[in-house]
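*Asks:* Have a look at this one before I ask anything.
The values are calculated or read from the model by the stated rules, or taken from the named source; none is laboratory data. Worth saying up front: this structure is predicted, and the values here are computed from it rather than measured. For neighbour counting, all protein chains shown are included, and Cβ atoms are generated from backbone atoms with ideal geometry for every residue, glycine included. SASA here: full protein model, heavy atoms, side chains in, ligands and nucleic acids out. Shrake-Rupley method; radii C 1.70, N 1.55, O 1.52, S 1.80 Å.
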Amino acid sequence: MKIFLDTANIEHIRHGVRLGVVTGVTTNPSLVSREGKVNYRKLVQKICSIVSGPVSTEVLGQDVQTMVAEAREIAKWAENIVVKIPASLEGVEATSVLASENIKVNFTLCFTLNQALLGAAAGATFISPFVGRLDDIGEDGMKVVADIVEYLDYYQLPTQVIAASIRHPQHCLMAAKVGAHIATMPYEVLLQMIRHPLTDIGIERFRDDWKKVMAREKLL
Ligand code: G3P
């Protein structure tokens, strides 16, 4: 499973790339707004220059024409850009148009297998089921991810699943277990994935024991 960062924060993206594990980024208007006063296009282009893999960014239009026009513009921003189109009826049509022009679409705000089915049929490169938001309303977000993965696999469709709206490390490992191609997560969750108290205790213990070895060597 590939790891993407769900953020528009340049420092966090730089760190993820330095770690050698982050291969893509997803953004949305809420994440961009957290970065304060920024030029949207310049910020996204900066992100695209830091990460070699796909960088998803969202259209704001709601009708087909506006979405398609926005997406065509956004697609020119960088080689690795992917346009996020919402899983609405208009979004399905916009996805079909964009896919026929070889513009990569991330079919986003997806909450059901039926939505995913239509997104894949329309030619979306990625489908993003929002796990956390489904869990928030008492549904099983990861079950939707699992169902979409199974469906795409059964019919050998090329669309890839991005497990999105990831809230904690447990979501990451469940996404990997059900075969999501990608998990996109907040920076904090990426940091949490590596943390374990027994690792910290182990490192500390090895250091202390090594100090003892060095101290004894000095006495020889
Ligand atoms: O990738 C989708 C994500 O940005 C939504 O996350 O936590 O707002 O549901 P959240």
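*Asks:* R0 = 35 Å: FRET efficiency of Ser30 with Ile203, Cβ-based, nearest 0.05?
*Replies:* Between Ser30 and Ile203 the formula returns 0.40.
*Asks:* For helix 40-50, report the angle its Cα long axis makes with the longest principal axis of the Cα atoms of the chain; keep it between 0 and 90° and round to the nearest 10°.
*Replies:* Value to nearest ten degrees: 50.
*Asks:* For the range 2-195, what is the relative contact order in percent, using Cα pairs closer than 8 Å and at least 6 residues apart in sequence?
*Replies:* Relative contact order here is 18 percent.
*Asks:* Under 17 Å between alpha carbons, and skipping anything fewer than 8 positions from Lys46 in its own chain: which lysines qualify?
*Replies:* Those lysines meeting the cut-off are Lys37, Lys76.
*Asks:* Rank-order 50-58, 63-71 by packing density, defined as the average count of other C-beta atoms within 10 Å over each peptide's residues, highest first.
*Replies:* Going by the mean number of other Cβ atoms within 10 Å, highest first, we get 50-58, 63-71.
*Asks:* Counting only heavy atoms of protein chains, what accessible area per residue, in Å², does the chain have with a probe of 1.4 Å?
*Replies:* 55 Å²
*Asks:* Another question, then. If you place +1 on the Cβ of every Lys and Arg and -1 on the Cβ of every Asp and Glu, how big does the dipole about the Cα centre of the range 2-195 come out, in debye to the nearest 20?
*Replies:* In debye, rounded to 20, the range 2-195 gives about 800.
*Asks:* Please give the helix 141-154 orientation as an angle from the longest Cα principal axis of the chain, in degrees from 0 to 90, rounded to the nearest 10.
*Replies:* Here the helix axis deviates by roughly 70 degrees.
*Asks:* In the range 33-121, which trypsin sites (Lys or Arg not before Pro) are in a loop and have at most 13 other Cβ atoms within 10 Å, using DSSP for the loop call?
*Replies:* Sparse-neighbourhood loop trypsin sites (Lys or Arg not before Pro): Arg34, Lys37, Lys76.
*Asks:* Could you tell me which trypsin sites (Lys or Arg not before Pro) in the range 146-218 are loop residues by DSSP with no more than 14 other beta carbons within 10 angstrom of their beta carbon?
*Replies:* Arg195
*Asks:* Then there is this: Quick check: the angle from helix 10-19's long axis to the longest principal axis of the chain, C-alpha only, nearest 10 degrees?
*Replies:* Roughly 60 degrees between the two axes.
*Asks:* Okay, moving on. Taking the range 1-120 on its own, what percent of its Cα-Cα pair distances exceed 20 Å?
*Replies:* Tail of P(r) above 20 Å: 42 percent of Cα pairs.
*Asks:* Round to a whole number: what % of the accessible area of the range 2-195 belongs to carbon and sulfur, probe 1.4 Å?
*Replies:* 53 percent
*Asks:* Continuing with this model, one more query. Straight-line reach from Lys177: which lysines have a Cα under 22 Å away, not including same-chain ones fewer than 8 places off?
*Replies:* Reachable lysines: Lys2, Lys143.
*Asks:* If you count, for each residue, the other Cβ atoms within 10 Å and average over each peptide, how do 9-22, 123-136 line up from highest to lowest?
*Replies:* The packing order, highest mean first, is 123-136, 9-22.
*Asks:* Sort 23-29, 156-162 for me by packing, meaning the mean count of neighbouring Cβ atoms within 10 Å per residue, highest on top.
*Replies:* 23-29, 156-162
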